[in-house]
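K.L.:
Here's a structure for you.
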Amino acid sequence: MTSQPPVSYETVTAPPVRRPPEMSAITEVEVSPLDPARFREALGDAFVHYEEGLAQASGLFDERAVWHVNSTARGGGVAELLQSLLAYARGAGVDARWIVIGGNPEFFEITKRIHNRLHGADGDGGELGDEAREIYERTLAASTEELVARVRPGDIVFLHDPQTAGMAAALRERGTIVVWRCHVGLDVPNDVARSAWDFLRPYVEPADAFVFSRRSFVWDGIDEDRTWLVAPSIDAFSPKNQELPDTAVRAILRTIGLGDGEEPTAAGRFTRVDGTPGRVDRAAELHQDGLIPTDATLITQVSRWDSLKDPIGVLRGFTSALADRPEAHLLLAGPSVAAVADDPEGAGVLADVIAERERLPAEERARVHLACLPMDDIQENAAMVNAIQRRSDIVVQKSFAEGFGLTVAEAMWKSRPVVASARGGIQDQITDRESGLLVQDPTDLEEFGAILAELVADPGMRERIGAAAHDRVRDEFLGSRHLLQYEQLLADLLELSEREA
Ligand code: UDP
């Protein structure tokens, strides 16, 4: 999951934005409440625990608003996460608000630079010196002033990522409790990452708490007592993850142009975020010699067309390890590259993958399918991803780096056995050989291919691992866990601030 993404297809809904008065530096995003009782069925016995937590929450936050501040209302995993978490918090009676700060190209150039560096990459190679500080502080000043005027002492403010970090001191001075939530990090920090920490350190220092997604993302020298670990989560009920009957899965695969299922009795229906019916109507742009046979053992990777996701490695590993398994088919699916003009790498990577496929001998090529999913309707796209993941017998995520693999959690929730690289947050998601299979060295195609071959040959193993994967996501990576952890964090901070008062 990226927080300042190169593409903007992760948000399943474009939330309505309450129009600010002219010249406003901040914008409030309207969030309609969702009923937390929705989790009852998904959580089973654990729902009681969740319900108790929520009951405590509404008492805790009686007079307080809980503000979340980030820099985009759509696009990127953070916006997707906020959309769903805040809806459930509001449904539980918490006065949760979402504020989006404004900016200008030079500000976002600097925050993107910080973002890349937090990932250990040089990005545009620009400086993070005095001039960058001046632009960063000057741009944030207007948003900070407006937000300070809106909040009340005792309110709680979550500042997400580098873009909003510089607001902490003023909000703290206003008497709010400030949490800085960092969604970005890397397994083994390097000097490039440290230079971003040093830039941000004076801004985040006044916060009451720092939240990171995993232990290895925590900065050196940061106050341990104020540091919390909270992993991201997925929304089980969104078009991307909601239950789909087999008939809908078949219908959607057929509409996309991938499946050869019999004429479905039910059309490719899904439920939109607002509860209204949706239908998949569009076809994908496809590179294939024929449809995926109904009885094929389907191996899939769904990802942006990005070299870090190594689609060519997936293709090579598949063809060399499964040459003697004609029932095995491979599907590489990603967003239509025409739709993501802000991801310049996408078209090039896709062209390379197409060329690699073209070079295969006819028999092997017939078992490799490429699909570019239309992005015209983001919820329709999400329903396509949902159906593809549900049709797949094995889901792959062969990334060279990954903060938290949303696609991994999405497929695990659907009880698919996932084969994924032991990189970043994936290592927290999958317990190797229990709830998925980890590829220790993602550059080693033999290791990857051997795991695929093992799974293709063993339907029992696929079923066992898929079932454990679903349970793992239910216990660890749904919004319910995420909300309870935030509630616990806030309860502790409130207790602390009362003791200090
Ligand atoms: N995705 C999508 N449509 C596509 C391809 C991918 O909605 O055509 C989604 C995918 O389901 C997942 C997200 O994009 O929710 C990718 O998040 P992930 O953390 O896996 O990787 P990132 O793209 O953030 O590096």
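The values are calculated or read from the model by the stated rules, or taken from the named source; none is laboratory data. Values in this document were obtained by computation on a predicted structure and should not be read as measured data. With ideal geometry, Cβ positions are generated from the backbone for all residues, glycine too; neighbour counts draw on all protein chains shown. For accessibility, only protein heavy atoms count, side chains too; no ligands or nucleic acids. Shrake-Rupley method; radii C 1.70, N 1.55, O 1.52, S 1.80 Å.
K.L.:
With the requirement that a residue be away from the ligand (no atom under 14 Å from the Cβ), under 23 Å from residue 409 (Cα atoms) and part of a helix (DSSP H, G or I), what does region 234-263 give you?
P.N.:
246, 248, 249, 250, 253
K.L.:
Could you check, for region 384-399, whether at least one of its residues is more than 10 Å from the ligand (Cβ to nearest atom), part of a loop (DSSP other than H, G, I, E, B) and open to solvent by less than 30 Å² (accessible area, probe 1.4 Å)?
P.N.:
The initial filter retains those residues of region 384-399 that are more than 10 Å from the ligand (Cβ to nearest atom), namely 387, 390-396, 398.
Filter again for part of a loop (DSSP other than H, G, I, E, B), leaving 392-393, 398.
Checking the rest, the ones that are also open to solvent by less than 30 Å² (accessible area, probe 1.4 Å) come to 392, 398.
Checked against the condition, which is being more than 10 Å from the ligand (Cβ to nearest atom), part of a loop (DSSP other than H, G, I, E, B) and open to solvent by less than 30 Å² (accessible area, probe 1.4 Å), region 384-399 yields at least one hit.
K.L.:
A further question on this structure: Considering (1) farther than 20 Å from residue 332 by Cβ; (2) within 16 Å of the ligand (Cβ to nearest atom); (3) touching a residue at least 12 places away in the same chain (Cβ under 8 Å), say which one residue 486 fails and leave the rest.
P.N.:
Evaluating residue 486 over (1) farther than 20 Å from residue 332 by Cβ; (2) within 16 Å of the ligand (Cβ to nearest atom); (3) touching a residue at least 12 places away in the same chain (Cβ under 8 Å) leaves (2) as the failure.
K.L.:
Failed condition for residue 148, given (1) in a helix (DSSP H, G or I); (2) open to solvent by less than 20 Å² (accessible area, probe 1.4 Å); (3) at pLDDT 95 or above, with all others met?
P.N.:
(2)
K.L.:
Still on this structure: Are any residues in region 60-80 among the aromatic types (Phe, Trp, Tyr) and not in a loop (DSSP other than H, G, I, E, B), and if so, which ones?
P.N.:
Listed by number, the list holds a single entry, 67.
K.L.:
I would also like to ask the following. Out of region 44-97, which residues are among the charged types (D, E, K, R) and within 27 Å of residue 144 (Cβ to Cβ)?
P.N.:
Residues satisfying the conditions are 62, 63, 64, 74, 80, 90, 95, 97.
K.L.:
I'd like the residue in region 269-280 that is in contact (Cβ under 8 Å) with a residue 12 or more places away in the chain and more than 16 Å from the ligand (Cβ to nearest atom) and, out of all such residues, is farthest from residue 389 (Cα to Cα).
P.N.:
Selected residue: 274.
K.L.:
Only one of 107, 47, 39 is at pLDDT below 90 and crowded, with 19+ Cβ neighbours inside 10 Å. Can you tell me which?
P.N.:
Being at pLDDT below 90 and crowded, with 19+ Cβ neighbours inside 10 Å holds for just one of 107, 47, 39, which is 39.
K.L.:
When residues of region 86-140 are filtered for being of a type outside the set (Val, Ile, Thr) and in contact with a strand residue (DSSP E or B) (Cβ under 8 Å, 6 or more places away or on another chain), how many remain? Please lay out each step first, then the result.
P.N.:
First, pick out the residues of region 86-140 that are of a type outside the set (Val, Ile, Thr): 86-93, 95-98, 102-109, 112-113, 115-134, 136-138, 140.
Next cut, in contact with a strand residue (DSSP E or B) (Cβ under 8 Å, 6 or more places away or on another chain) only: 86, 89-90, 95-98, 102, 118, 140.
Counting residues in region 86-140 that are of a type outside the set (Val, Ile, Thr) and in contact with a strand residue (DSSP E or B) (Cβ under 8 Å, 6 or more places away or on another chain) gives 10.
K.L.:
Is there any pair with a first residue in region 447-466 that is of a type outside the set (Ser, Thr, Tyr) and a second that is in a helix (DSSP H, G or I) and open to solvent by 20 Å² or more (accessible area, probe 1.4 Å) whose Cβ atoms are under 8 Å apart and which are 6 or more apart or on different chains, and what are they?
P.N.:
448/321; 449/320; 449/321; 450/321; 452/321; 453/321; 455/462; 461/454
K.L.:
Let me ask something additional. Give the residues of region 105-140 that are in a helix (DSSP H, G or I) and of a type in the set (Gly, Ala, Ser), sorted by residue number.
P.N.:
132
K.L.:
I'm checking my understanding of the structure. Among residues of region 208-233 that are over 25 Å from the mean Cα position of the chain (by Cα) and assigned to a loop (DSSP other than H, G, I, E, B), which one is nearest to residue 176 (Cα to Cα)?
P.N.:
The selected residue is 208.
K.L.:
Taking region 349-365 only, how many residues are without any contact (Cβ under 8 Å) to a residue 12 or more places away in the chain and either within 16 Å of the ligand (Cβ to nearest atom) or open to solvent by less than 50 Å² (accessible area, probe 1.4 Å) (or both)?
P.N.:
Matching residues across region 349-365 total 1.
K.L.:
What residue, among those in region 428-451 that are closer than 27 Å to residue 117 by Cα and open to solvent by less than 10 Å² (accessible area, probe 1.4 Å), is nearest to the ligand (Cβ to nearest atom)?
P.N.:
429
K.L.:
Here is a further query. Give just the number: which of (1) more than 10 Å from the ligand (Cβ to nearest atom); (2) within 18 Å of residue 268 (Cα to Cα); (3) open to solvent by 20 Å² or more (accessible area, probe 1.4 Å) does residue 345 not satisfy?
P.N.:
(2)
K.L.:
May I pose another question? Within region 405-427, take every residue that is part of a loop (DSSP other than H, G, I, E, B) and more than 8 Å from the ligand (Cβ to nearest atom) and give me the one that is nearest to residue 119 (Cα to Cα). Spell out the reasoning first.
P.N.:
Taking region 405-427 and keeping what is part of a loop (DSSP other than H, G, I, E, B), we get 405, 414-417, 422-425.
This time we only want the ones that are more than 8 Å from the ligand (Cβ to nearest atom), so: 414-417, 422-425.
Numbers: 414: 29, 415: 30, 416: 29, 417: 28, 422: 17, 423: 13, 424: 11, 425: 13 Å.
Taking the candidates together, the pick is 424.
K.L.:
Could you please find all residues in region 288-323 being over 18 Å from residue 389 (Cα atoms) and away from the ligand (no atom under 15 Å from the Cβ)?
P.N.:
Correct list: 288, 289, 290, 312, 313, 316, 317, 319, 320, 321, 322, 323.
K.L.:
Return the pair list, or none, for Cβ contacts closer than 9 Å from residues in region 223-246 that are without any contact (Cβ under 8 Å) to a residue 60 or more places away in the chain and more than 18 Å from residue 275 (Cα to Cα) to residues that are among the charged types (D, E, K, R) and buried (at least 17 other Cβ atoms within 10 Å of the Cβ), at least 6 apart or on different chains.
P.N.:
Listed pairs, sorted by first residue: 226/208; 229/214; 246/390.
K.L.:
Here's a check for you: in region 366-383, which residue that is open to solvent by 10 Å² or more (accessible area, probe 1.4 Å) and more than 13 Å from residue 284 (Cα to Cα) is nearest to the ligand (Cβ to nearest atom)?
P.N.:
378
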